[in-house]
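Novice: Starting off with a structure, shown below.
The values are calculated or read from the model by the stated rules, or taken from the named source; none is laboratory data. What you are looking at is a predicted structure, and each value in this text was computed from that prediction instead of being measured. When we count neighbours, we look across all protein chains shown, and the Cβ atoms used for this are built from the backbone with ideal geometry, even at glycine. Ligands, DNA and RNA are excluded from the accessible area calculation, which covers all protein heavy atoms including side chains. Shrake-Rupley method; radii C 1.70, N 1.55, O 1.52, S 1.80 Å.
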Amino acid sequence: FLTAEDACGGTMRGSSGIVSSPNFPNEYHNNADCTWTIVAEPGDTISLIFTDFQMEEKYDYLEVEGSEPPTIWLSGMNIPPPVISNKNWLRLHFVTDSNHRYRGFSAHYQG
């Protein structure tokens with residue numbers, strides 16, 4: 001069981017874990033640029049289930065690659081629906097601007 005709270009990005013392996021924005025549940029930093037890659041066993045897919053989501057609409061966002069559609073942009077104050085990968089990896093790219101900070105996101109993934 002892995003947590004990526006302290007690191008801003010990195011590679012996460014294993015059948016399940018939690019990925020969340022830096023400082024969660026406190027406010028994330030301005031000008032953050034973090035990339036996490038979640039890698040499951042070959043042949044497996046990954047479900048990413050958001051438990052918390054709060055970002056400055058349009059300016060701070062989480063970009064998810066490796067699912068259908070190939071790139072999903074997430075922003076704002078609503079918890080997004082679960083994301084299912086179509087291969088054995090998902091890439092999460094979290095970007096914030098120099099203004100306004102919120103709690104950010106937390107998500108549980110399962111291979």
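Novice: Please go through region 4-21 and give me each residue that is modelled with pLDDT under 90 and under 12 Å from the mean Cα position of the chain (by Cα), ordered by number.
Specialist: Answer for region 4-21, where residues must be modelled with pLDDT under 90 and under 12 Å from the mean Cα position of the chain (by Cα): 4, 5, 8.
Residues are listed down the side, and each one gets a yes or a no for (1) within 15 Å of the chain's Cα centre (by Cα); (2) within 19 Å of residue 80 (Cβ to Cβ); (3) not in a loop (DSSP other than H, G, I, E, B):
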residue	(1), (2), (3)
23	yes, no, no
31	no, no, no
35	yes, yes, yes
38	yes, yes, yes
41	no, no, no
45	no, yes, no
49	yes, yes, yes
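Novice: Next question, about the same structure. Does region 62-75 hold any residues that are in a loop (DSSP other than H, G, I, E, B) and surrounded by fewer than 14 Cβ atoms within 10 Å (Cβ to Cβ), and which are they? Give the steps one after another, and end with the answer.
Specialist: Step one: of region 62-75, the residues in a loop (DSSP other than H, G, I, E, B) are 66, 68-70, 75.
Within region 62-75, 68, 69, 70 qualify.
Novice: Can you pull out the residues in region 51-103 that are acidic (Asp, Glu), out of contact with any His (no Cβ under 7 Å at 6 or more places or on another chain) and farther than 15 Å from residue 36 by Cα?
Specialist: We begin by selecting, within region 51-103, every residue acidic (Asp, Glu); these are 52, 56-57, 60, 63, 65, 68, 97.
Narrowing further to those that are out of contact with any His (no Cβ under 7 Å at 6 or more places or on another chain): 52, 57, 60, 65, 68, 97.
Within region 51-103, 52, 57, 60, 68, 97 meet the criteria.
Novice: Can you tell me how many residues within region 82-111 are open to solvent by 50 Å² or more (accessible area, probe 1.4 Å), aromatic (Phe, Trp, Tyr) and part of a strand (DSSP E or B)?
Specialist: So the answer is 1.
Novice: Do we have residue 57 as among the charged types (D, E, K, R) and either in contact with a strand residue (DSSP E or B) (Cβ under 9 Å, 6 or more places away or on another chain) or under 18 Å from residue 89 (Cβ atoms) (or both) here? Can you show your working first?
Specialist: Working: among the charged types (D, E, K, R): yes; either in contact with a strand residue (DSSP E or B) (Cβ under 9 Å, 6 or more places away or on another chain) or under 18 Å from residue 89 (Cβ atoms) (or both): no.
Considered against the rule, which asks whether it is among the charged types (D, E, K, R) and either in contact with a strand residue (DSSP E or B) (Cβ under 9 Å, 6 or more places away or on another chain) or under 18 Å from residue 89 (Cβ atoms) (or both), residue 57 comes out as no.
Novice: Within region 48-61, take every residue that is farther than 10 Å from residue 107 by Cβ and of a type in the set (D, E, K, R) and give me the one that is surrounded by the fewest Cβ atoms within 10 Å (Cβ to Cβ).
Specialist: Let us first name the residues in region 48-61 that are farther than 10 Å from residue 107 by Cβ, namely 54-61.
In the following step, the residues that additionally are of a type in the set (D, E, K, R) were identified as 56-58, 60.
Working: 56: 17, 57: 12, 58: 10, 60: 25.
It comes out as 58.
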